[in-house]
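Student: The structure that follows is given in the form of structure tokens.
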Amino acid sequence: MVPVPTEPVSQVVFVHDYFQVVFHDDCFSFYGPVEVSSDDREVTQGRPGFCDALVALIGERATSAIVGDDGELTIAFSSGAGLRARPGPPDVGPEAWLFNGPSGQIVGSSCC
């Protein structure tokens with residue numbers, strides 16, 4: 001089970017081959033395929049507009065974080081936007097995503 005962050009998204013950090021969505025003290029790192037949706041638009045990682053859609057989440061509050069049986073993570077935001085992380089191919093690594101909480105809590109797609 002992944003806790004729902006209580007603070008809004010404070011930053012999006014792009015690293016060489018992954019990115020992080022930070023909610024002040026809580027942080028989600030994404031290593032596999034991700035889709036961001038808002039209004040009637042869905043943008044897949046690697047497509048034009050994806051980074052802009054992620055940055056547009058800054059200031060948004062999460063309303064739910066649901067992990068499916070297959071490890072897929074879906075985060076819903078108060079504006080109606082959503083972020084979905086799907087498990088990727090095995091060569092991506094053991095996790096498609098990882099949550100780090102301020103108390104040292106760690107939850108990842110491979111442990112769900």
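Here, each number is a calculation from the coordinates, and none is a lab measurement. From a predicted model like this one, the values you see are computed outputs, not experimental measurements. Here Cβ is always computed from backbone atoms with ideal geometry, including for glycine, and neighbour counts include all displayed protein chains.
Student: Residue separation times 0.36 nm, minus the C-alpha to C-alpha distance between ASP39 and THR63: what's the value? Spell out each step's value before the answer.
Tutor: Numbers: separation 24, 0.36 × 24 = 8.64 nm, distance 1.62 nm.
Additional length available on full extension: 7.0 nm.
Student: OK, next. What is the order of ARG61, ARG84, fewest Cβ neighbours within 10 Å to most?
Tutor: Details: ARG61 15, ARG84 18.
Going from sparsest to densest Cβ surroundings: ARG61, ARG84.
Student: While we're looking at this one, here's another question. Please list, ordered by chain and number, the residues whose modelled amide H lies under 5 Å from the amide H of VAL2; skip anything fewer than 5 residues away on the same chain.
Tutor: Under 5 Å from the amide H of VAL2: VAL67.
Student: In a Gaussian network model over the chain where Cα atoms closer than 10 Å are linked, find which of VAL15, VAL34, VAL67 has the largest mean-square fluctuation.
Tutor: Top of the fluctuation ranking is VAL15.
Student: Hey, fewest Cβ within 10 Å first, where do VAL43, VAL2 land in order?
Tutor: Numbers: VAL43 18, VAL2 21.
Least crowded to most crowded, the residues run VAL43, VAL2.
Student: Continuing with the same structure: Quick one: LEU98, LEU73, fewest Cβ neighbours within 10 Å first, how do they rank?
Tutor: Numbers: LEU98 22, LEU73 26.
Ordered from fewest to most neighbouring Cβ atoms within 10 Å, LEU98, LEU73 come out as LEU98, LEU73.
Student: What percent does the relative contact order of segment 11-111 come to when contacts are Cα pairs within less than 8 Å and at least six residues apart? Each step should come with its number before you reach the end.
Tutor: Values: 193 pairs, mean separation 26.8, N = 101.
Relative CO of segment 11-111 lands at 27 percent.
Student: Add +1 for every Lys or Arg and -1 for every Asp or Glu among the other residues with Cβ under 9 Å from the Cβ of GLY32, and state the total. Mind dumping the intermediate values first?
Tutor: Details: positive: ARG86; negative: GLU95.
Net local charge, GLY32 excluded: 0.
Student: Where does the charge balance sit around THR6 when Lys and Arg score +1, Asp and Glu -1, over other residues with C-beta under 15 Å from its C-beta?
Tutor: Here the count lands on -3.
Student: Checking the a/c ratio against 1.5 first, then a/b against b/c, what shape does the Cα gyration tensor give for the chain? Don't skip to the end; give the middle numbers.
Tutor: Numbers: a/c = 1.40, a/b = 1.08, b/c = 1.30.
Verdict is rounded for the chain.
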